[in-house]
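Here, each number is a calculation from the coordinates, and none is a lab measurement. A quick note: this is a predicted structure, and the numbers were derived from the prediction, not measured. Positions of Cβ are backbone-derived with ideal geometry, glycine not excepted, and every protein chain shown enters the neighbour counts.
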Amino acid sequence: MEYGIRDHAVIVTGATRGIGRGIARHLGARGARLTITGRNPKRLAETSAELDGLGVEHLAVECDVADRDATFALAARTHERFGRLDGLVANAQTFRPVTALEDVTSSDMDLLLDTGPKGTLWAMQAVFPYFRDAGRGRIVTMGSAVGMTGGAGYGPYSASKEAVRSLTRTAAREWARHGITVNCVCPASAAHRRPPADDPDRRAVFDAMYAQHPMGRDGDPDADIAPPVLFLLSDASRYITGETFMVDGGGQMRA
Ligand SMILES: NC(=O)c1ccc[n+]([C@@H]2O[C@H](COP(=O)([O-])OP(=O)(O)OC[C@H]3O[C@@H](n4cnc5c(N)ncnc54)[C@H](OP(=O)(O)O)[C@@H]3O)[C@@H](O)[C@H]2O)c1
């Protein structure tokens, strides 16, 4: 049995920074061919240049995950370019800093729901026909521990992430007979979001997150988060679907 993803065509949304970028580097270094996305053209070009330097065959496409038509076009372009489509890592989501629930606005909710569950659903729908026709496909979505724990201050984000987990289970049930697995990863790798040194209050909140952490450290996108994602894209995970994986160094045990 082949446990790798060599030559597989995989879409990684939101691959221009943080976790998505680490996943793209890790998958590319193991022979996957990639479509990477983001909205900011400069960051997209930088990431594309980095993948070129690593010898990773890829397409770099500016695409907002909230745009359903653009997401369908992205899947079609990927299939056209690589002649196959094997995996989706629905990683992109727009993030908003802390807002007390009583202050949450309609536009806060719209932004998080449009780019979280709706963006994830559009991407899942876009790859579905290709996966169904191939009789095989792998989808990895991104949830968050704060969705499960309540995430004080993160109401819209937490709600959006639990909706992503719910859609993950529905897709897993509806599409399992087509050879498609759908699983959710809840990562902890936020070093790139660490508030600046001149904002000691937010910095203290951030540091407190890791004070009780079993491993006492943040995850590394390439070395800690990406390998389990690769496993979920491979055939080694073919009998696992609808699951949530905490890839957080045991961080959830603090809850
Ligand atoms: N970091 C953590 O510890 C943590 C914890 C739990 C869950 N997560 C989840 O893991 C995923 C990655 O997290 P991260 O910390 O690496 O995120 P991040 O640093 O905010 O990066 C998000 C990536 O997605 C892109 N993006 C954002 N909004 C987009 C949109 N509307 N359409 C297309 N691309 C968009 C960004 O590029 P552009 O801005 O150029 O579009 C960037 O490449 C997210 O789903 C996040 O919610 C992260």
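Based on the alpha carbon coordinates of region 23-105, what radius of gyration and maximum Cα-Cα distance (Dmax) apply, in Å?
According to the Cα coordinates of region 23-105, Rg and Dmax are 15.2, 49 Å.
Order of 8, 58 from fewest to most other C-beta atoms within 10 Å?
Result, fewest neighbours first: 8, 58.
Of 27, 83, 56, whose Cα points farthest to the positive end of the dipole of region 9-245 (charges on the beta-carbon: +1 Lys, Arg; -1 Asp, Glu; origin at the Cα centre)?
83
About the Cα centre of region 194-255, what is the dipole size in debye to 20, counting +1 per Lys and Arg Cβ and -1 per Asp and Glu Cβ, all else neutral?
In total the dipole reaches around 160 debye.
Working out 0.36 nm times the residue gap between residue 7 and residue 107, then minus their Cα-Cα distance, what length gain in nm do you get to one decimal?
Extra length available between residue 7 and residue 107 comes to 31.9 nm.
Starting from the exponent 0.38 and prefactor 2.2 Å, build the expected Rg for region 81-211 from its residue count and divide its actual Cα Rg by it.
Output field value: 1.21.
Using the crude model of +1 on Lys and Arg Cβ and -1 on Asp and Glu Cβ, and no other charge, please compute the dipole size for region 9-245 relative to its Cα centre, in debye to 20.
Value, rounded to 20: 700 debye.
Going by how many other Cβ atoms sit within 10 Å of their own, how do 182, 247, 164 line up, fewest first?
So the ranking, lowest neighbour count to highest, is 247, 164, 182.
When a footprinting reagent is the concern and you count Cβ atoms within 10 Å, what order do 229, 146, 205 take, fewest first?
With the fewest neighbours first, 229, 146, 205 line up as 205, 146, 229.
What trypsin sites (Lys or Arg not before Pro) in region 178-255 are in a loop by DSSP, with at most 14 other Cβ atoms within 10 Å of the Cβ?
Within region 178-255, the qualifying trypsin sites (Lys or Arg not before Pro) (loop, at most 14 other Cβ atoms within 10 Å) are 217, 238.
Please compute the Cα-Cα pair-distance distribution of region 71-152 with 10 Å bins starting at 0, giving whole percents from short to long.
Binned Cα distances yield the sequence 16, 41, 24, 15, 4.
Based solely on its DSSP helices, what 222 nm [θ] is calculated for the chain when runs of n ≥ 4 H residues each add -39,500 (n - 2.57) and the sum is averaged over all residues, nearest 500 deg cm²/dmol?
One gets -13500 deg cm²/dmol as the mean residue ellipticity at 222 nm.
When the expected Rg is taken as 2.2 N^0.38 Å, what fraction or multiple of it is the alpha-carbon Rg of region 27-67?
1.15
Do any GluC sites (Glu not before Pro) in region 1-56 lie in a loop, going by DSSP, with at most 13 other beta-carbon atoms within 10 Å of their beta carbon, and if so which?
On the way: sites: 2, 46, 50; in loops: 2.
Hits after loop and neighbour filter: 2.
Could you state the principal axis extents of the C-alpha atoms in region 9-245, from the largest down, to the nearest angstrom?
Largest first, region 9-245 extends 51, 39, 35 Å along its Cα principal axes.
Taking Cα pairs under 8 Å and at least six residues apart, what relative contact order does region 149-255 come out at, in percent? Intermediate values should be presented prior to the final figure.
Values: 109 pairs, mean separation 40.1, N = 107.
Result for region 149-255 is 37 percent.
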